[in-house]
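The values are calculated or read from the model by the stated rules, or taken from the named source; none is laboratory data. Everything numeric here is computed off the predicted structure, so don't read it as measured data. Positions of Cβ are generated from backbone atoms using ideal geometry, with glycine treated the same way; all protein chains shown enter the neighbour counts.
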Amino acid sequence: MSTLLRERPAGAQRPTDAHPDAAHRPAGTAGEGEHGLLAAVIALLLTASLPLARVFVGLDFLFPVLAAALLPLGVAWGSRRLGLGPAFTLVCSVVAWAVYVSLVFLSSTLIFGLVPTPDTARGAFDLWLSGLELVQIRPSPTYVEPGLLFLAVNGVWAVSHAVDGLVFRLQAPITAIVLAMVLWTVPLALAPPSPGAWLWTAPFLAAAAGLLLTSADSDLGRYGRWVHPGDPAGVRRRRNPLVTGGAFLAACAIAGGALLASSLPGYGEGPWYQLRGFGGTTLTSNPIVSMQQNLVSQDTGPVLRVRSPRPVYIRTTSLDIYSEREEWTNEGITGEPVTGPVGLSQPLTVGDRVSVGVEVVDLPNAVLVPLPYQTTAIRNTTVDSLRYDRPLATFTVDESRGLESGDTFEVRAALPDPSAEVLNSLSAGAITTAASLTALPDSVPPQVGDLARQIVGDAGAVTPFQQALAIQAELRTWTYSLEVIPSHSGNALAAFLENRTGYCEQFAATMAVMLRELGIPARVAVGFTPGVPADPGAAAQGEETTYTVSLANAHAWVEVLFPGYGWISFEPTPRSDGNLLVPTATNLAP
């Protein structure tokens, strides 16, 4: 049997220092196996950064984060070539970090585009505070905001520098993998659950196995050469059998885990313990975050089927807070179990009552129940754990269950439809409501209020109802497009007013802010447009038919409060597909 032996040079001793040949290595040359280790470290850091795609919407984060992972490795590699120690390498990395973040985030504060100023330091501190605040209030996934990206870049840079030191200075690849795992785990913990977790797991495991095997090969190579007894010249074999066998076992383990995980007991079941908000709060991500993704989704299959004698908007929730971060949100959805007629948040004296049936087709993990506004009674449903948040007019199911394909709801709804004469009789002074429903942060650009006053002034609109119709009419003359940067930041709001191009989220958000600037209580509603009728003729005649709703029907619109008559819907978005219900002065419930 051919046996592989270790051949140690005569008099050679097992090295006790981290770099036994460092004293004899010329500056500017790489040690044996270092290039392979560097490639393994790069793979580890890149795969550890991949889950950030679950935190951010779009790919704008990609280049800054990848650069933050690779640049520290380049700085450390150059420092080793120059023979610098760990302390000097750290100094070089800090300097490189300062230059990088200044160029990426704070270039306007630099002198000659390179020299930092006190404004650069203040700007970096403000970005840090902004990022920490956004982490607390922004659900994932979220749009790429400077503060959030600043935190991500700093975290990736720090981990990259530390991993390099652990691998090349301390020969501690396992510790390096654990540290990289922190970077890999945090985004997955922040993002909502989704199927296909192996897509993020398998690359990281493969990279970790590669680093362990490469570092093992590099370590053994310092003590001698692998030889066969029949190799008198001691010619080094091209492949270390440890690496070959280890790579095979690692590949088998990763493939087996990906293929067999779903067959393990407990796979796909709910957690043994689940954190919840206090007082029955339902924890769910902001539905407006995924609006553009849904609208451009290639999945055209149905998500709902709605049986109704007329087209109706299907609503999931409302957003009644415009935050300091210029984002429509709410304080959280609570609610009481639904055991009988639904209590309304506002007295409803006039309403067009309809019976509507809703069937869930494909809304995996959804907690918000899609129903018409204003649902007054649940006549029949397959769901037991139904709750209702009265102020937000929002129905939810238990998080541990979620909506399932085949869930059905038979409801009665009262569509608010008072006459124009009635609403015009309500002056601005007559609409008294909670101050929170007209509150706006100081960060709202002043041109928003200026434009709102100009629009209602040009239209001669005096009453809140007339002003809402005037702003709706003006915004509907603007351009609808999905090819815009999705964000609700103050800068984006000002840019939207200048470019006058956007999609439903931006139109609804802007109209609601304009109305609040005029002292009119307004909020943003989220849900779906009516969908495609199975029998267009029956729909045109006002007869009952079934409407098919897909992700392309995802929508946001505006609701305005008229005390005594409830929240009235307005439609500022100029969608060209005709799948909209636009109220007019003579027909508020089209």
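Descriptive notes on the structure:
- Tally of residues being without any contact (Cβ under 8 Å) to a residue 24 or more places away in the chain, charged (D, E, K, R) and either surrounded by 13 or more Cβ atoms within 10 Å (Cβ to Cβ) or in a loop (DSSP other than H, G, I, E, B) (or both) across region 451-469: 0
- Some residue of region 532-549 being surrounded by 20 or more Cβ atoms within 10 Å (Cβ to Cβ) and on the phi > 0 side of the Ramachandran plot: no
- Condition met for Val135 (at pLDDT below 80 and either assigned by TED's automatic domain parsing to the domain that holds Gly74 or crowded, with 20+ Cβ neighbours inside 10 Å (or both)): yes
- Gly566 vs. criteria modelled with pLDDT under 90, under 24 Å from Thr438 (Cβ atoms) and either touching a Pro at 6+ places or on another chain (Cβ under 7 Å) or of a type in the set (A, V, I, L, M, F, W, C) (or both): yes
- Residue match in region 417-435 (condition: in a strand (DSSP E or B) and either outside the structural domain of Val367 (by TED's automatic domain parsing) or farther than 29 Å from Glu327 by Cβ (or both)): no
- Selection from region 161-173 of residues that are in a helix (DSSP H, G or I) and free of Cβ contacts under 8 Å to residues at least 24 places away in the same chain: Ala162, Leu166
- Some residue of region 404-418 being among the β-branched types (Val, Ile, Thr) and within 30 Å of the chain's Cα centre (by Cα): yes
- Enumerated helices (runs of 4 or more DSSP H) restricted to region 483-590, each holding at least 1 residues that are free of Cβ contacts under 8 Å to residues at least 12 places away in the same chain: 490-499, 536-540
- Considering Pro15, Pro51, the condition of being modelled with pLDDT under 90 and under 19 Å from Trp157 (Cα atoms) is satisfied by Pro51 alone.
- Residue check: Gln472 meets all listed conditions (1) surrounded by 18 or more Cβ atoms within 10 Å (Cβ to Cβ); (2) in a loop (DSSP other than H, G, I, E, B); (3) in contact with a Pro (Cβ under 8 Å, 6 or more places away or on another chain) but one, namely (2).
- Number of residues in region 367-407 that are in a loop (DSSP other than H, G, I, E, B) and in contact (Cβ under 8 Å) with a residue 40 or more places away in the chain: the value is 17.
- So Ala158, is it assigned by TED's automatic domain parsing to the domain that holds Pro72, part of a helix (DSSP H, G or I) and modelled with pLDDT of 55 or more: yes
- Selected residue (criterion: modelled with the highest pLDDT) from residues of region 461-488 that are in contact with a helix residue (DSSP H, G or I) (Cβ under 9 Å, 6 or more places away or on another chain) and β-branched (Val, Ile, Thr): Ile471
- The set of residues from region 310-328 being within 23 Å of Asp126 (Cα to Cα) and either touching a Pro at 6+ places or on another chain (Cβ under 7 Å) or not aromatic (Phe, Trp, Tyr) (or both) comprises Tyr322, Ser323, Glu324, Arg325, Glu326, Glu327.
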